[in-house]
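Only one structure is covered here, and it is reproduced in the block below.
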Amino acid sequence: MTDIRTPRLVLRQWHDDDLVPLSEIHADPVVMRRIGDGTPRSPEQTAQDIERWEEEWDEEGFGMFAVELLGSGELAGAVGLTVADAPAEIAGQVAISWRLGRVFWGQGYASEAAHATLEFALQDRGLDRVVAVCRTDDRASANVLRKLGMEPEGTAQHPVHGHDLTLYGIDLTQYEG
């Protein structure tokens, strides 16, 4: 796994001591309200998430990075790439996503981390296309996606939870770095 440095962040592999701070992020109902079914996750579920993300790195050559603040070493959250399983419109495609602790919102960290991840996907991993999905009412995530140059490509409903979703995508030919 490759570490990526941005002006303020390090995107890196997961360490054992990341479980507690990520569990705290996952326990925050405001952070989790637009992820999955919106339910906070337990430390055990968070440990399973990290394990699944590490396995995806081994199997796919990409996955979710730990997002660390360069200055303080604090874990701010996670950003990365996964093979989407839902909704059906993007199943099997590589999707970018992130989640940051609430104290890190509104400071440009999500955009900075997502930009570095998109560049990694298209330039380092040689992917031709990256997609994203966000709840239609999630203006903050939609704003980050637009900053990445991703365009809305349609709508869908989450097949399990029923949320209205907006689907985004970007091709290598559209990417401007």
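Things to note:
- Within segment 92-124, if we keep just the residues that are among the small types (Gly, Ala, Ser) and part of a loop (DSSP other than H, G, I, E, B), the residue that is most open to solvent (accessible area, probe 1.4 Å) turns out to be Gly106.
- One residue stands out in segment 1-22 among those that are open to solvent by 80 Å² or more (accessible area, probe 1.4 Å) and among the acidic types (Asp, Glu): the one that is farthest from Phe62 (Cα to Cα), namely Asp17.
- Helices (runs of 4 or more DSSP H) lying entirely in segment 1-60 (those with 2 or more residues that are touching a Phe, Trp or Tyr at 6+ places or on another chain (Cβ under 7 Å), free of Cβ contacts under 8 Å to residues at least 24 places away in the same chain and of a type outside the set (Val, Ile, Thr)): none
- Matching entry among Val83, Val67 (being touching a residue at least 12 places away in the same chain (Cβ under 8 Å), surrounded by fewer than 16 Cβ atoms within 10 Å (Cβ to Cβ) and under 12 Å from the mean Cα position of the chain (by Cα)): Val83
- The strands (runs of 3 or more DSSP E) found entirely in segment 126-177 that carry 2 or more residues being in contact with a Leu (Cβ under 6 Å, 6 or more places away or on another chain) are 129-135, 151-157.
- Of the listed requirements (1) hydrophobic (A, V, I, L, M, F, W, C); (2) surrounded by 17 or more Cβ atoms within 10 Å (Cβ to Cβ); (3) more than 16 Å from the chain's Cα centre (by Cα), Ile25 misses just one: (3).
- Single residue of segment 34-64 satisfying the filter (of a type in the set (Val, Ile, Thr) and touching a helix residue (DSSP H, G or I) at 6+ places or on another chain (Cβ under 8 Å)) that is surrounded by the most Cβ atoms within 10 Å (Cβ to Cβ): Thr46
The values are calculated or read from the model by the stated rules, or taken from the named source; none is laboratory data. Please read all numbers here as calculations on a predicted model, not as lab measurements. Heads up, the Cβs are rebuilt from the backbone with ideal geometry, glycines too, and the neighbour counts pull from every protein chain shown. Keep in mind that these areas ignore ligands, DNA and RNA; they rest on the heavy atoms of the full protein, side chains included. Shrake-Rupley method; radii C 1.70, N 1.55, O 1.52, S 1.80 Å.
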